[in-house]
1. Among 2, 94, 10, 55, which comes first, second and so on when ranked by fewest other beta-carbon atoms within 10 Å?
2. Divide by every residue of the chain the summed helix terms, -39500 (n - 2.57) for each DSSP H run of at least 4, and state the resulting mean residue ellipticity at 222 nm, rounded to the nearest 500 deg cm²/dmol.
3. Among the lysines in the chain, how many pairs, 8 or more places apart or on different chains, have alpha carbons under 16 Å apart?
4. GNM on the chain, C-alpha springs below 10 Å: top fluctuator among 47, 103, 111?
5. Go through (i) 0.93; (ii) 1.00; (iii) 1.18 and flag the label whose value is the computed Rg/Rh (Cα atoms, Kirkwood Rh) for this structure.
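Every read-out reported here was derived from the displayed coordinates using simple, explicitly stated rules and does not represent laboratory data. Predicted, not measured: the structure shown is a model, and the values here were computed from it. As a convention, Cβ positions derive from the backbone with ideal geometry for all residues, glycine included, and neighbour counts pool all protein chains shown.
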Amino acid sequence: MSELNWYKGSCHCGKVTFEVECEEQIEVDECNCSICNKSGYLHLIVPKRQFALKSGEENLTCYTFNTGVAKHYFCRTCGIKAFYIPRSNPDGYSVNARCLDQPAPVLKVVPFDGQNWEQNAASLAHKSQ
C-alpha cells in the first residue's frame, strides 16, 4: 500500500467543496446502473474517516430512490453530484473521481455491473473498511 494523500474536489460551481484521502494510484468503479450511467459517475469509495466536507453543506440537496439507503447529494446551484453515501457501503462515501481538482490521483477505471446490483454489490463492501 502506498502513501495516502488528501485531494481536493468540488461541484462545478465550487459552492460544495470536499477533501478525500486516497493513494496516488487508485481504482475507481464505472457503474452501469441507471443513475451512474446517465451521469458518468466514477466511484472512489472510501471510509468516512477519509472524507471531509469543507464547505457548502447548506447548498446540498439529497435524492433517494428504490430502497432509500443510498443518499445522493447534489449541489442546489449547479446540480453536480460530487459524492454520496452508497447503498453498497453505507459506512463510507463514494466520491465522483471526475470532481477531483488537479493534481488528481492516477485512475484505473474498473467496470462494475450495477444493472445487476444485487448479484455484484458484495464485491464493493471492502472499499469502505
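1. Ascending number of Cβ neighbours within 10 Å: 2, 55, 10, 94.
2. It comes out at -1500 deg cm²/dmol, rounded to the nearest 500.
3. Here the count comes out as 11.
4. It is 103.
5. Working out Rg/Rh (Cα atoms, Kirkwood Rh) from the coordinates points to (i).
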